[in-house]
Amino acid sequence: MRTDEFNVILLIAVISWVSAQIIKTILHLIKTKKFCAERLTGAGGMPSAHSATVCSLVISTCRVCGICSAEFALAMVLAMVVMYDATGVRRAAGLHAKEINRLRRMVNELDEEFMDKFDDNVDEYTSRNVEETKDLKEFLGHTPLEVLAGALLGIIIAMAFPIVVVPV
């Protein structure tokens, strides 16, 4: 089946991703009182844009191709893998990054105390200045609630979007 002149499944998935990213940015702005442009494209946070995208993909594929289609099966497996990964591996990586950043800040503080006790003859020590390193990205994965919110957003968008299937 075709859906006339554009790929409605892709359009719905993109609309879901954009919607989740905008909501995520607004919620971050409300929480921190600061606008962070990175939230418009970045991973992690509430709601999960990954979950919104793949769930809208599943629902719109089901509506266009049918629940018994190979396309629906592929979309469903993809959604399960993405959402499992978001709450598992990527979330763990984000928690690790947060802890590494905390430890790095502690080392920086110890370095400053150490440097205050010695004179300027420790140039080779300061050449590996830890402060020059960037923090690791902590927003990577999602809590189960963030994934659920993204999934619900994607499902709602896919169900609300009118789909007109044109026979081939």
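Values for this structure:
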quantity: Leu57 being of a type in the set (A, V, I, L, M) and either in contact (Cβ under 8 Å) with a residue 40 or more places away in the chain or closer than 30 Å to Lys134 by Cβ (or both); calculated: yes
quantity: Residue within region 11-32 that is surrounded by fewer than 17 Cβ atoms within 10 Å (Cβ to Cβ) and of a type in the set (Gly, Ala, Ser) present; calculated: no
quantity: Test for Thr61: is it more than 17 Å from Ala158 (Cα to Cα) and of a type in the set (Ser, Thr, Tyr); calculated: no
quantity: Counted residues, region 137-167 - those being in a loop (DSSP other than H, G, I, E, B) and modelled with pLDDT of 90 or more; calculated: 1
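The values are calculated or read from the model by the stated rules, or taken from the named source; none is laboratory data. Fair warning: this is a prediction, and the values are worked out from it, not measured in the lab. Backbone-built Cβ (ideal geometry, glycine too); neighbour counts: all protein chains shown.
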